[in-house]
Amino acid sequence: MGAQTISRHMLMKQFVDYANKVTVHHCCGHCSRLLSLDSACDIAECRLANVTNSSFIQVCLNKQLQTLFSDVKFVELLQYRFERRSIPSAIADIYDGTIYKEQCDFFDDPHSISFTLNYDGAPKFKSSNMQVWPIQLSINELPPRSRRSKNYMLLAGLWCSTQKPPSFTFLEPVLTSLRALDENGTEISIAGKSNGIVRARLICAVMDLPAKAMILNCNQYNGAFGCSVCKHPGQMVSVGKGKARSYPYCNVQLRNHQDHFEDAQIAMNSATVVNGVKGFSALNMLSYYDVIRSTPVDYMHCVLLGVVKKTSNIMV
């Protein structure tokens, strides 16, 4: 969405082509539970709270994929992964990574694709204090320059509110669709010439640290055990006139998917935070998804605006 603020009118213009692809979901404004209709939650405590329900939209992934695969140019671009020049032992693209290689049987099918999920909040509208949280998917099998093209990006969901979205509730319908795309796929017309089944998997989710903490259901970077890579508790250090949490470089236990799952189970059963984990992540809905290895560091903030910026400042 970018950092530029937009008007409500400009936003709605983007949905002209999505008229038959959108589902509106409602959730309780108190407990965030999904509701079948925009009606009062049946939990007594929620009724007494007298809080207005929230709503968000889900955009059908199947219909978006059917539209894309009907485009001859899109189908041709998908051959990139088979035609590109790869260098042994070098990591030049996502296909060279361990996660992708571990699922090579799935991706050997030319009609099977993978997604990278992006999730973040955008600045408020000019006309109100509403903020926008889109769930976007890029297709990894396209050439790098085409993956971020507005013609090939998929919009999976959109939350508009003055409050941040409850991540599990917001992501649940989208992840349910992704699970169905993995297990059953969706029927497509390939460039208008032949019919087939396309299957898809989410193998990567990239977002900034606050959004990452929301989705993984963990403490933020400034809280104890706030690192999503290791189990170091961190320590408070003085920075200027305030304090910040620092993670000294040392030998420390790294996180893995199984440990994270077990910590989430204990946290749910005991209603406590375990090693920074508050409970299950919505991403646990996908049995094949590794919540640690498939949710990497945010390159833009951690590298370009972090290490590179600091190094440049030192050199200059």
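The values are calculated or read from the model by the stated rules, or taken from the named source; none is laboratory data. Just so it is clear, the structure is predicted and the values come from calculations on it, not from any experiment. Neighbour counts run over all protein chains shown; Cβ positions are idealised from the backbone, glycine included. Keep in mind that these areas ignore ligands, DNA and RNA; they rest on the heavy atoms of the full protein, side chains included. Shrake-Rupley method; radii C 1.70, N 1.55, O 1.52, S 1.80 Å.
Worth pointing out:
- Set Lys101/Lys309; Lys231/Lys310; Lys21/Lys101; Lys164/Lys243 screened for pairs whose C-alpha atoms are more than 30 Å apart: Lys101/Lys309; Lys21/Lys101
- Amide H contacts under 5 Å for Ser114, placed H, 5+ residues apart: Asn140, Glu141, Arg201
- Accessible surface ranking for Asp182, Asp42, 1.4 angstrom probe, highest first: Asp42, Asp182.
- Remark: the Thr176-Gln258 segment gains 27.3 nm on full extension, using 0.36 nm per residue and subtracting the alpha carbon distance.
- Simple spin-label estimate for Gln235 and Asp96 gives 3.8 nm between the two label positions (7 Å along the Cα-to-Cβ direction from each Cα).
- Three-way shape label, region 149-192, alpha-carbon gyration tensor, a/c 1.5: oblate
- Applying both filters, DSSP loop and at most 13 other Cβ atoms within 10 Å, to the trypsin sites (Lys or Arg not before Pro) of region 126-234 gives Lys126, Arg148, Lys150, Lys193.
- Normalised contact order of region 155-279, rounded percent, pairs of Cα under 8 Å and 6 or more residues apart: 15 percent
- A probe of 1.4 angstrom, applied to the heavy atoms of all protein chains, finds His232 with accessible area near 30 square angstrom.
- Gyration tensor verdict on region 277-316 (Cα atoms; rounded if a/c is under 1.5, prolate if a/b is larger than b/c, oblate otherwise): prolate
- Under Karplus coefficients 6.51, -1.76 and 1.60, residue-wise ³J(HN,Hα) of region 280-293 in Hz, glycine/proline x: 5, 8, 4, 5, 5, 5, 9, 4, 8, 8, 8, 5, 8, 6
- Computed lengthening from Asn184 to Met285, 0.36 nm per intervening residue step minus Cα-Cα distance: 34.8 nm
- Rolling a 1.4 Å probe over the protein heavy atoms of the chain, with every protein chain left in place, gives an accessible area that is 54 percent carbon and sulfur.
- Under-5 Å amide H pairs with Val132, H placed in peptide plane, nonlocal only: Ala122
- Checking every one of the chymotrypsin sites (Phe, Trp or Tyr not before Pro) in region 211-306 against DSSP loop status and a limit of 12 other Cβ atoms within 10 Å picks out Tyr249.
- Sum of side-chain charges, Lys193 neighbourhood, beta-carbon under 13 Å (Lys, Arg +1; Asp, Glu -1): -2
- Residue-averaged 222 nm ellipticity for the chain, from DSSP H runs of 4+ at -39500 (n - 2.57), nearest 500: -7500 deg cm²/dmol
- Cα gyration tensor shape of region 245-309, rounded if a/c is under 1.5, else prolate or oblate by comparing a/b with b/c: prolate
- Sites Val297 and Asn53 - FRET efficiency at Förster radius 41 Å, r taken between beta-carbons, to 0.05: 0.70
- Ranked order, Thr186, Thr67 - accessible area, probe 1.4 Å, largest first: Thr67, Thr186
- Net charge of neighbours whose Cβ lies under 10 Å from the Cβ of Asp263, counting Lys and Arg as +1 and Asp and Glu as -1: +1
- Per-residue ³J(HN,Hα) for region 71-85, Karplus 6.51 cos²θ - 1.76 cosθ + 1.60, θ = phi - 60°, Hz, x for Gly and Pro: 8, 4, 5, 4, 4, 5, 5, 5, 6, 4, 5, 8, 9, 5, 8
- Once percent of Cα pairs over 29 Å apart is calculated for the structure shown, the corresponding label among (i) 49; (ii) 45; (iii) 39 turns out to be (ii).
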